[in-house]
Amino acid sequence: MRNALLMLATVATLLLAGTSHAKDKDSKTGQVDPVMAEAIEHFQNGVEFFEKENFEAAVAEFLKSHELVPAWELRYNIGICFEELGRPAKALHWLTTYLEKGGGEVPQERLYEVQSLIEELVDKVGYIELTVTPDDATVLMDGKAAGWISGKPLHADPGVRKIVVLKDGFTTFETSVTLASGDVEKLDVELSKAVTEASVQEDATPPEPPEPPVPAKPEHDPGITLSWTGLAIGGGTAAALAVAAGITGGLVLARRDDMLDAAALCEATTSRDTCPAAYDLQQRASSLKIATNVLWAMAGAALVTGVILLVTGAPKMRKEEEPVDEGLDSMGFSLTPLLAPGQAGLLGIEMGLIF
(Lines give C-alpha, C1' and ligand atoms only; values in the text may rest on other atoms or scores of the structure.)
Protein backbone atom coordinates (compact mmCIF):
# COMPACT_ATOMS: atom_id res chain seq x y z
CA MET A 1 0.00 0.00 0.00
CA ARG A 2 2.75 2.49 0.96
CA ASN A 3 4.81 1.80 -2.15
CA ALA A 4 1.74 2.14 -4.32
CA LEU A 5 0.88 5.51 -2.80
CA LEU A 6 4.39 6.73 -3.36
CA MET A 7 4.08 5.76 -6.99
CA LEU A 8 0.71 7.46 -7.21
CA ALA A 9 2.21 10.65 -5.87
CA THR A 10 4.95 10.47 -8.48
CA VAL A 11 2.41 10.11 -11.27
CA ALA A 12 0.46 13.03 -9.87
CA THR A 13 3.59 15.08 -10.02
CA LEU A 14 4.04 14.14 -13.68
CA LEU A 15 0.47 15.05 -14.49
CA LEU A 16 0.84 18.36 -12.69
CA ALA A 17 4.00 18.94 -14.64
CA GLY A 18 2.02 18.22 -17.76
CA THR A 19 -0.53 20.76 -16.67
CA SER A 20 2.21 23.30 -16.08
CA HIS A 21 3.56 22.49 -19.53
CA ALA A 22 0.09 22.96 -20.99
CA LYS A 23 -0.20 26.32 -19.25
CA ASP A 24 3.17 27.43 -20.66
CA LYS A 25 2.13 26.24 -24.07
CA ASP A 26 -1.14 28.15 -23.92
CA SER A 27 0.34 31.18 -22.10
CA LYS A 28 -0.61 33.43 -24.96
CA THR A 29 -4.29 32.57 -24.57
CA GLY A 30 -4.21 32.08 -20.79
CA GLN A 31 -6.28 28.88 -21.09
CA VAL A 32 -5.63 25.50 -19.43
CA ASP A 33 -5.88 22.34 -21.58
CA PRO A 34 -9.36 21.02 -20.60
CA VAL A 35 -8.46 17.39 -21.36
CA MET A 36 -5.41 17.50 -19.09
CA ALA A 37 -7.43 19.22 -16.39
CA GLU A 38 -10.08 16.48 -16.50
CA ALA A 39 -7.43 13.75 -16.44
CA ILE A 40 -5.86 15.26 -13.32
CA GLU A 41 -9.25 15.49 -11.64
CA HIS A 42 -9.98 11.79 -12.25
CA PHE A 43 -6.47 10.89 -11.12
CA GLN A 44 -6.87 12.78 -7.85
CA ASN A 45 -10.22 11.11 -7.25
CA GLY A 46 -8.55 7.75 -7.81
CA VAL A 47 -5.91 8.53 -5.20
CA GLU A 48 -8.59 9.40 -2.67
CA PHE A 49 -10.54 6.19 -3.30
CA PHE A 50 -7.32 4.18 -3.14
CA GLU A 51 -6.44 5.63 0.26
CA LYS A 52 -9.92 4.62 1.46
CA GLU A 53 -9.30 1.14 0.05
CA ASN A 54 -12.22 1.52 -2.33
CA PHE A 55 -10.33 -0.15 -5.11
CA GLU A 56 -13.31 -0.54 -7.47
CA ALA A 57 -13.86 3.22 -7.56
CA ALA A 58 -10.12 3.90 -7.62
CA VAL A 59 -9.48 1.72 -10.67
CA ALA A 60 -12.46 3.29 -12.48
CA GLU A 61 -10.99 6.77 -11.92
CA PHE A 62 -7.50 5.72 -12.98
CA LEU A 63 -8.84 4.08 -16.14
CA LYS A 64 -10.73 7.24 -17.06
CA SER A 65 -7.63 9.36 -16.45
CA HIS A 66 -5.57 7.00 -18.63
CA GLU A 67 -8.20 7.18 -21.35
CA LEU A 68 -7.89 10.98 -21.45
CA VAL A 69 -4.11 11.11 -21.10
CA PRO A 70 -2.50 7.69 -21.80
CA ALA A 71 0.55 8.17 -19.57
CA TRP A 72 2.42 4.89 -19.18
CA GLU A 73 2.99 5.59 -15.46
CA LEU A 74 -0.75 5.18 -14.82
CA ARG A 75 -0.54 1.50 -15.81
CA TYR A 76 1.19 0.75 -12.51
CA ASN A 77 -1.66 2.32 -10.53
CA ILE A 78 -4.28 0.38 -12.49
CA GLY A 79 -2.36 -2.88 -12.07
CA ILE A 80 -2.05 -2.43 -8.34
CA CYS A 81 -5.81 -1.79 -8.02
CA PHE A 82 -6.66 -4.98 -9.91
CA GLU A 83 -4.22 -6.95 -7.77
CA GLU A 84 -5.95 -5.64 -4.64
CA LEU A 85 -9.34 -6.63 -6.14
CA GLY A 86 -8.18 -10.23 -6.57
CA ARG A 87 -8.18 -10.09 -10.36
CA PRO A 88 -4.71 -11.39 -11.16
CA ALA A 89 -5.18 -11.57 -14.95
CA LYS A 90 -5.99 -7.85 -15.22
CA ALA A 91 -3.19 -6.96 -12.80
CA LEU A 92 -0.71 -9.05 -14.82
CA HIS A 93 -1.75 -7.35 -18.06
CA TRP A 94 -1.40 -3.76 -16.76
CA LEU A 95 1.86 -4.35 -14.88
CA THR A 96 3.43 -6.17 -17.83
CA THR A 97 2.51 -3.35 -20.21
CA TYR A 98 3.77 -0.87 -17.61
CA LEU A 99 7.27 -2.32 -18.00
CA GLU A 100 6.91 -2.56 -21.79
CA LYS A 101 5.75 1.04 -22.23
CA GLY A 102 8.10 2.53 -19.63
CA GLY A 103 11.19 0.74 -20.83
CA GLY A 104 14.34 2.40 -19.58
CA GLU A 105 12.39 5.19 -17.88
CA VAL A 106 11.11 2.84 -15.16
CA PRO A 107 13.07 3.53 -11.93
CA GLN A 108 15.38 0.67 -10.94
CA GLU A 109 13.76 0.04 -7.57
CA ARG A 110 10.30 0.07 -9.20
CA LEU A 111 11.49 -2.35 -11.88
CA TYR A 112 12.51 -4.97 -9.28
CA GLU A 113 9.27 -4.52 -7.37
CA VAL A 114 7.06 -4.97 -10.46
CA GLN A 115 9.06 -7.96 -11.73
CA SER A 116 8.66 -9.70 -8.37
CA LEU A 117 4.90 -9.00 -8.37
CA ILE A 118 4.56 -10.32 -11.92
CA GLU A 119 6.24 -13.60 -10.91
CA GLU A 120 3.62 -14.04 -8.20
CA LEU A 121 0.74 -13.23 -10.52
CA VAL A 122 1.88 -15.67 -13.21
CA ASP A 123 1.08 -18.60 -10.90
CA LYS A 124 -2.35 -17.22 -10.04
CA VAL A 125 -3.82 -16.93 -13.53
CA GLY A 126 -4.94 -19.34 -16.23
CA TYR A 127 -3.90 -19.10 -19.89
CA ILE A 128 -5.79 -19.56 -23.10
CA GLU A 129 -3.58 -20.16 -26.13
CA LEU A 130 -5.95 -18.92 -28.78
CA THR A 131 -5.59 -19.34 -32.53
CA VAL A 132 -8.17 -17.50 -34.62
CA THR A 133 -8.84 -17.57 -38.36
CA PRO A 134 -9.18 -14.92 -39.67
CA ASP A 135 -6.69 -13.36 -37.27
CA ASP A 136 -8.31 -9.91 -37.35
CA ALA A 137 -11.44 -11.13 -35.59
CA THR A 138 -12.54 -9.59 -32.30
CA VAL A 139 -12.18 -11.69 -29.13
CA LEU A 140 -14.41 -11.07 -26.13
CA MET A 141 -13.95 -12.64 -22.71
CA ASP A 142 -16.89 -12.42 -20.32
CA GLY A 143 -18.53 -9.87 -22.60
CA LYS A 144 -15.58 -7.46 -22.79
CA ALA A 145 -12.73 -7.00 -25.23
CA ALA A 146 -10.01 -9.45 -24.23
CA GLY A 147 -7.16 -7.47 -25.79
CA TRP A 148 -6.10 -10.57 -27.66
CA ILE A 149 -2.99 -10.30 -29.81
CA SER A 150 -2.25 -13.04 -32.33
CA GLY A 151 0.57 -15.25 -31.07
CA LYS A 152 0.17 -14.26 -27.40
CA PRO A 153 -1.86 -16.19 -24.81
CA LEU A 154 -4.81 -14.64 -23.04
CA HIS A 155 -4.50 -14.20 -19.28
CA ALA A 156 -7.69 -15.18 -17.48
CA ASP A 157 -8.75 -15.26 -13.85
CA PRO A 158 -9.53 -18.73 -12.50
CA GLY A 159 -13.12 -19.82 -13.01
CA VAL A 160 -15.50 -20.25 -15.95
CA ARG A 161 -14.67 -17.83 -18.72
CA LYS A 162 -16.96 -17.22 -21.68
CA ILE A 163 -15.10 -16.70 -24.96
CA VAL A 164 -16.75 -15.10 -27.99
CA VAL A 165 -15.04 -14.63 -31.36
CA LEU A 166 -16.79 -12.51 -33.96
CA LYS A 167 -16.25 -10.72 -37.25
CA ASP A 168 -18.61 -9.06 -39.71
CA GLY A 169 -19.65 -11.42 -42.48
CA PHE A 170 -18.73 -14.53 -40.45
CA THR A 171 -20.57 -16.76 -38.03
CA THR A 172 -20.01 -16.02 -34.35
CA PHE A 173 -18.11 -18.54 -32.23
CA GLU A 174 -18.98 -18.98 -28.56
CA THR A 175 -17.62 -21.33 -25.91
CA SER A 176 -16.89 -21.55 -22.18
CA VAL A 177 -13.53 -22.47 -20.70
CA THR A 178 -13.00 -23.55 -17.11
CA LEU A 179 -9.60 -22.51 -15.75
CA ALA A 180 -7.71 -23.09 -12.52
CA SER A 181 -4.55 -21.28 -11.45
CA GLY A 182 -1.70 -22.13 -13.81
CA ASP A 183 -3.92 -23.99 -16.32
CA VAL A 184 -3.19 -23.66 -20.03
CA GLU A 185 -6.06 -24.28 -22.45
CA LYS A 186 -5.59 -24.41 -26.22
CA LEU A 187 -8.40 -23.17 -28.40
CA ASP A 188 -8.42 -23.18 -32.21
CA VAL A 189 -11.21 -21.15 -33.79
CA GLU A 190 -11.92 -21.00 -37.51
CA LEU A 191 -14.84 -18.78 -38.41
CA SER A 192 -16.93 -19.71 -41.41
CA LYS A 193 -18.56 -17.19 -43.69
CA ALA A 194 -22.12 -16.38 -42.78
CA VAL A 195 -24.74 -17.63 -45.22
CA THR A 196 -27.00 -14.75 -46.23
CA GLU A 197 -29.68 -14.50 -48.89
CA ALA A 198 -27.42 -12.26 -50.98
CA SER A 199 -24.48 -14.68 -50.79
CA VAL A 200 -26.74 -17.58 -51.70
CA GLN A 201 -27.94 -15.71 -54.78
CA GLU A 202 -24.36 -14.85 -55.78
CA ASP A 203 -23.07 -18.38 -55.30
CA ALA A 204 -26.09 -20.05 -56.84
CA THR A 205 -25.48 -21.37 -60.32
CA PRO A 206 -28.37 -21.33 -62.76
CA PRO A 207 -30.02 -24.72 -62.84
CA GLU A 208 -29.48 -26.79 -65.93
CA PRO A 209 -32.60 -27.26 -68.04
CA PRO A 210 -34.28 -30.55 -67.26
CA GLU A 211 -33.78 -33.33 -69.73
CA PRO A 212 -36.88 -34.26 -71.70
CA PRO A 213 -38.65 -37.22 -70.13
CA VAL A 214 -37.92 -40.54 -71.70
CA PRO A 215 -41.15 -42.43 -72.31
CA ALA A 216 -41.23 -45.73 -70.54
CA LYS A 217 -40.90 -48.64 -72.87
CA PRO A 218 -43.83 -51.03 -72.40
CA GLU A 219 -43.09 -54.64 -71.79
CA HIS A 220 -45.20 -55.49 -74.80
CA ASP A 221 -45.32 -53.16 -77.80
CA PRO A 222 -49.03 -52.26 -78.26
CA GLY A 223 -48.48 -51.52 -81.95
CA ILE A 224 -47.13 -54.98 -82.63
CA THR A 225 -49.81 -56.59 -80.45
CA LEU A 226 -52.59 -54.77 -82.31
CA SER A 227 -51.01 -55.63 -85.68
CA TRP A 228 -50.86 -59.31 -84.88
CA THR A 229 -54.44 -59.08 -83.63
CA GLY A 230 -55.49 -57.57 -86.96
CA LEU A 231 -53.72 -60.34 -88.83
CA ALA A 232 -55.38 -62.96 -86.66
CA ILE A 233 -58.83 -61.46 -87.17
CA GLY A 234 -58.25 -61.01 -90.90
CA GLY A 235 -56.97 -64.57 -91.19
CA GLY A 236 -59.89 -65.91 -89.18
CA THR A 237 -62.36 -64.00 -91.31
CA ALA A 238 -60.68 -65.31 -94.48
CA ALA A 239 -60.88 -68.86 -93.16
CA ALA A 240 -64.57 -68.45 -92.30
CA LEU A 241 -65.30 -67.06 -95.74
CA ALA A 242 -63.34 -69.90 -97.32
CA VAL A 243 -65.41 -72.44 -95.39
CA ALA A 244 -68.60 -70.68 -96.50
CA ALA A 245 -67.35 -70.70 -100.09
CA GLY A 246 -66.60 -74.43 -99.79
CA ILE A 247 -70.07 -75.15 -98.48
CA THR A 248 -71.64 -73.11 -101.25
CA GLY A 249 -69.52 -74.89 -103.82
CA GLY A 250 -70.60 -78.22 -102.33
CA LEU A 251 -74.20 -77.20 -102.76
CA VAL A 252 -73.48 -76.40 -106.41
CA LEU A 253 -71.98 -79.87 -106.91
CA ALA A 254 -74.88 -81.51 -105.05
CA ARG A 255 -77.41 -79.87 -107.38
CA ARG A 256 -75.37 -80.71 -110.49
CA ASP A 257 -76.75 -84.27 -110.88
CA ASP A 258 -80.33 -83.11 -110.29
CA MET A 259 -79.89 -80.40 -112.92
CA LEU A 260 -78.50 -82.91 -115.47
CA ASP A 261 -81.34 -85.38 -114.87
CA ALA A 262 -83.95 -82.66 -115.30
CA ALA A 263 -82.26 -81.42 -118.47
CA ALA A 264 -82.30 -84.97 -119.91
CA LEU A 265 -85.99 -85.29 -119.27
CA CYS A 266 -86.61 -82.01 -121.00
CA GLU A 267 -84.42 -83.04 -123.94
CA ALA A 268 -81.80 -80.43 -123.07
CA THR A 269 -84.35 -77.62 -123.11
CA THR A 270 -83.97 -75.36 -120.09
CA SER A 271 -86.46 -72.58 -120.72
CA ARG A 272 -88.98 -71.65 -118.04
CA ASP A 273 -91.88 -72.52 -120.32
CA THR A 274 -90.74 -75.89 -121.71
CA CYS A 275 -88.93 -77.23 -118.63
CA PRO A 276 -89.48 -75.10 -115.50
CA ALA A 277 -87.86 -77.65 -113.13
CA ALA A 278 -84.59 -77.73 -115.07
CA TYR A 279 -84.65 -73.97 -115.43
CA ASP A 280 -85.04 -73.43 -111.67
CA LEU A 281 -82.19 -75.86 -110.92
CA GLN A 282 -79.98 -74.07 -113.44
CA GLN A 283 -80.75 -70.62 -111.96
CA ARG A 284 -80.12 -71.85 -108.42
CA ALA A 285 -76.84 -73.42 -109.46
CA SER A 286 -75.77 -70.16 -111.14
CA SER A 287 -76.62 -68.18 -107.98
CA LEU A 288 -74.63 -70.58 -105.79
CA LYS A 289 -71.71 -70.36 -108.18
CA ILE A 290 -71.76 -66.54 -108.02
CA ALA A 291 -71.98 -66.66 -104.21
CA THR A 292 -69.04 -69.06 -104.11
CA ASN A 293 -66.90 -66.73 -106.20
CA VAL A 294 -67.87 -63.72 -104.08
CA LEU A 295 -67.02 -65.57 -100.86
CA TRP A 296 -63.65 -66.60 -102.21
CA ALA A 297 -62.96 -63.00 -103.24
CA MET A 298 -63.95 -61.68 -99.80
CA ALA A 299 -61.81 -64.31 -98.06
CA GLY A 300 -58.84 -63.19 -100.10
CA ALA A 301 -59.60 -59.53 -99.34
CA ALA A 302 -59.82 -60.27 -95.60
CA LEU A 303 -56.50 -62.07 -95.67
CA VAL A 304 -54.85 -59.24 -97.61
CA THR A 305 -56.30 -56.69 -95.15
CA GLY A 306 -54.79 -58.56 -92.20
CA VAL A 307 -51.37 -58.65 -93.86
CA ILE A 308 -51.53 -54.92 -94.64
CA LEU A 309 -52.42 -54.16 -91.03
CA LEU A 310 -49.45 -56.20 -89.86
CA VAL A 311 -47.03 -54.41 -92.19
CA THR A 312 -48.27 -50.83 -91.96
CA GLY A 313 -50.31 -50.72 -88.78
CA ALA A 314 -47.55 -51.37 -86.16
CA PRO A 315 -45.37 -48.27 -86.73
CA LYS A 316 -48.48 -46.09 -87.07
CA MET A 317 -49.95 -47.27 -83.78
CA ARG A 318 -46.78 -46.35 -81.85
CA LYS A 319 -47.23 -42.68 -82.76
CA GLU A 320 -50.75 -41.77 -81.79
CA GLU A 321 -50.31 -38.04 -82.38
CA GLU A 322 -48.06 -38.22 -85.47
CA PRO A 323 -49.71 -36.54 -88.47
CA VAL A 324 -50.58 -38.82 -91.34
CA ASP A 325 -48.33 -38.28 -94.37
CA GLU A 326 -49.47 -38.44 -97.95
CA GLY A 327 -48.53 -41.54 -99.93
CA LEU A 328 -48.57 -45.28 -99.76
CA ASP A 329 -48.15 -45.48 -95.97
CA SER A 330 -51.13 -43.23 -95.48
CA MET A 331 -53.21 -45.35 -97.81
CA GLY A 332 -52.20 -48.51 -96.04
CA PHE A 333 -53.01 -47.05 -92.64
CA SER A 334 -56.37 -45.70 -93.86
CA LEU A 335 -57.63 -49.25 -94.38
CA THR A 336 -58.16 -49.63 -90.66
CA PRO A 337 -60.92 -47.06 -90.29
CA LEU A 338 -62.46 -48.02 -93.67
CA LEU A 339 -62.67 -51.77 -93.08
CA ALA A 340 -61.67 -53.15 -89.71
CA PRO A 341 -60.92 -56.88 -89.59
CA GLY A 342 -63.94 -57.59 -87.39
CA GLN A 343 -66.21 -55.63 -89.71
CA ALA A 344 -64.84 -57.50 -92.72
CA GLY A 345 -65.58 -60.84 -91.02
CA LEU A 346 -69.14 -59.83 -90.15
CA LEU A 347 -69.72 -58.58 -93.69
CA GLY A 348 -68.49 -61.88 -95.11
CA ILE A 349 -70.78 -63.92 -92.87
CA GLU A 350 -73.77 -61.77 -93.80
CA MET A 351 -73.02 -62.20 -97.48
CA GLY A 352 -72.83 -65.98 -97.01
CA LEU A 353 -76.17 -66.01 -95.28
CA ILE A 354 -77.75 -63.94 -98.04
CA PHE A 355 -76.61 -66.33 -100.74
Note down all Cβ pairs under 8 Å where the first residue falls in region 165-179 and is within 19 Å of ILE149 (Cα to Cα), the second is polar (S, T, N, Q), and they're at least six residues apart or on different chains.
VAL165/THR138; VAL165/THR172; LEU166/THR138; LEU166/THR172; LYS167/THR138
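Tell me, which residue of region 179-192 that is within 10 Å of TYR127 (Cα to Cα) and within 39 Å of the chain's Cα centre (by Cα) is surrounded by the most Cβ atoms within 10 Å (Cβ to Cβ)?
The initial filter retains those residues of region 179-192 that are within 10 Å of TYR127 (Cα to Cα), namely 179-186.
The next check asks that each one be within 39 Å of the chain's Cα centre (by Cα); those that pass are 185-186.
Working: GLU185: 17, LYS186: 10.
In this case the residue turns out to be GLU185.
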Can you confirm whether region 116-126 contains a residue that is more than 23 Å from GLU73 (Cβ to Cβ), open to solvent by 60 Å² or more (accessible area, probe 1.4 Å) and without any contact (Cβ under 8 Å) to a residue 60 or more places away in the chain?
yes
Residue ID - nearest to SER181 (Cα to Cα), chosen from residues in region 105-115 that are loosely packed, with under 15 Cβ neighbours inside 10 Å and among the acidic types (Asp, Glu):
GLU109
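So, in region 147-178, exactly how many residues are closer than 18 Å to LYS124 by Cβ, part of a strand (DSSP E or B) and not basic (Lys, Arg)?
Restricting attention to region 147-178, the residues satisfying the condition of being closer than 18 Å to LYS124 by Cβ are 153-161, 177-178.
When the remaining residues are screened for being part of a strand (DSSP E or B), the result is 154-156, 159-161, 177-178.
Then drop every residue that is not not basic (Lys, Arg), which leaves 154-156, 159-160, 177-178.
Total meeting the criteria: 7.
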Consider ASP157 carefully, then state whether it is modelled with pLDDT of 90 or more and surrounded by 12 or more Cβ atoms within 10 Å (Cβ to Cβ).
yes
Going through region 129-154 in order, the residues found to be under 25 Å from ARG87 (Cα atoms), of a type in the set (Val, Ile, Thr) and either open to solvent by less than 50 Å² (accessible area, probe 1.4 Å) or at pLDDT below 90 (or both) are VAL139, ILE149
Does ASP136 fit the bill of being within 56 Å of the chain's Cα centre (by Cα), closer than 19 Å to GLU185 by Cβ and of a type in the set (Asp, Glu)?
no
Does region 83-97 contain at least one residue that is outside any helix (DSSP H, G or I), at pLDDT below 95 and over 56 Å from the mean Cα position of the chain (by Cα)?
no
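Given the structure, is GLY102 at pLDDT 90 or above, open to solvent by 20 Å² or more (accessible area, probe 1.4 Å) and out of contact with any helix residue (DSSP H, G or I) (no Cβ under 7 Å at 6 or more places or on another chain)?
On the way: at pLDDT 90 or above: yes; open to solvent by 20 Å² or more (accessible area, probe 1.4 Å): no; out of contact with any helix residue (DSSP H, G or I) (no Cβ under 7 Å at 6 or more places or on another chain): yes.
The answer is no for GLY102.
Here is a check on your reading of the model: is VAL132 without any contact (Cβ under 8 Å) to a residue 12 or more places away in the chain and over 18 Å from SER181 (Cα atoms)?
On the way: without any contact (Cβ under 8 Å) to a residue 12 or more places away in the chain: no; over 18 Å from SER181 (Cα atoms): yes.
No, not satisfied.
Going residue by residue through region 44-53, is there one that turns out to be modelled with pLDDT of 90 or more, outside any helix (DSSP H, G or I) and surrounded by fewer than 16 Cβ atoms within 10 Å (Cβ to Cβ)? Let's see the steps before the verdict.
Here is the first cut: in region 44-53, the residues modelled with pLDDT of 90 or more are 44-53.
Then keep just the ones that are outside any helix (DSSP H, G or I); that gives 52-53.
So of that shortlist, the ones also surrounded by fewer than 16 Cβ atoms within 10 Å (Cβ to Cβ) come out as 52-53.
The answer is yes; a qualifying residue exists.
The values are calculated or read from the model by the stated rules, or taken from the named source; none is laboratory data. Quick caveat: nothing in here was measured; it's all calculated off a predicted structure. In this analysis, Cβ positions are derived from the backbone assuming ideal geometry, glycine residues included, and neighbour counts consider all displayed protein chains. Only protein heavy atoms, including side chains, enter the accessible area calculation; ligands, DNA and RNA are left aside. Shrake-Rupley method; radii C 1.70, N 1.55, O 1.52, S 1.80 Å.
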